[in-house]
Amino acid sequence: MYLLIYDEHQLDNPQKKVLSVHKSRKEADIALENRKKELGKKVYECNTRIVWTEKEVNAGDRVTPGEFDTWRPGEKVPEGEIHADTD
């Protein structure tokens, strides 16, 4: 399942709050766009990202690194996500 998590990228706080749970990346993308609009911020300002997990979780739960990954195993990763943006 795909999750929207709140991630402030604080190494001293590895637990991430689950904001919402989705069956597909497309549903999660829509939820992220809606969150961005609700907050009136750009995606990178929302401290929110989409991750994938096999763990059964609900909105409001917390997950830690190792319980989630950015991409589902076997999922096609967009070309722009594979290579760094630097020259």
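Could you tell me which of the residues 27, 33 is within 14 Å of the chain's Cα centre (by Cα) and in contact (Cβ under 8 Å) with a residue 12 or more places away in the chain?
27
If we scan the range 9-30, do we find a residue that is surrounded by fewer than 17 Cβ atoms within 10 Å (Cβ to Cβ), part of a helix (DSSP H, G or I), hydrophobic (A, V, I, L, M, F, W, C) and in contact with a Lys or Arg (Cβ under 9 Å, 6 or more places away or on another chain)?
The answer is no, given that none of the residues of the range 9-30 is surrounded by fewer than 17 Cβ atoms within 10 Å (Cβ to Cβ), part of a helix (DSSP H, G or I), hydrophobic (A, V, I, L, M, F, W, C) and in contact with a Lys or Arg (Cβ under 9 Å, 6 or more places away or on another chain).
Residues of the range 31-43 being assigned to a helix (DSSP H, G or I) and surrounded by 11 or more Cβ atoms within 10 Å (Cβ to Cβ), which ones?
31, 32, 33, 34, 35, 36, 39, 43
Take the residues in the range 62-78 that are acidic (Asp, Glu) and either within 13 Å of the chain's Cα centre (by Cα) or exposed (fewer than 10 other Cβ atoms within 10 Å of the Cβ) (or both); name whichever of them is nearest to residue 17 (Cα to Cα).
67
Can you name the residue in the range 44-61 that is surrounded by fewer than 14 Cβ atoms within 10 Å (Cβ to Cβ) and either in contact with a strand residue (DSSP E or B) (Cβ under 6 Å, 6 or more places away or on another chain) or part of a helix (DSSP H, G or I) (or both) and, of all such residues, is modelled with the lowest pLDDT?
It comes out as 44.
The values are calculated or read from the model by the stated rules, or taken from the named source; none is laboratory data. Values in this document were obtained by computation on a predicted structure and should not be read as measured data. In this analysis, Cβ positions are derived from the backbone assuming ideal geometry, glycine residues included, and neighbour counts consider all displayed protein chains.
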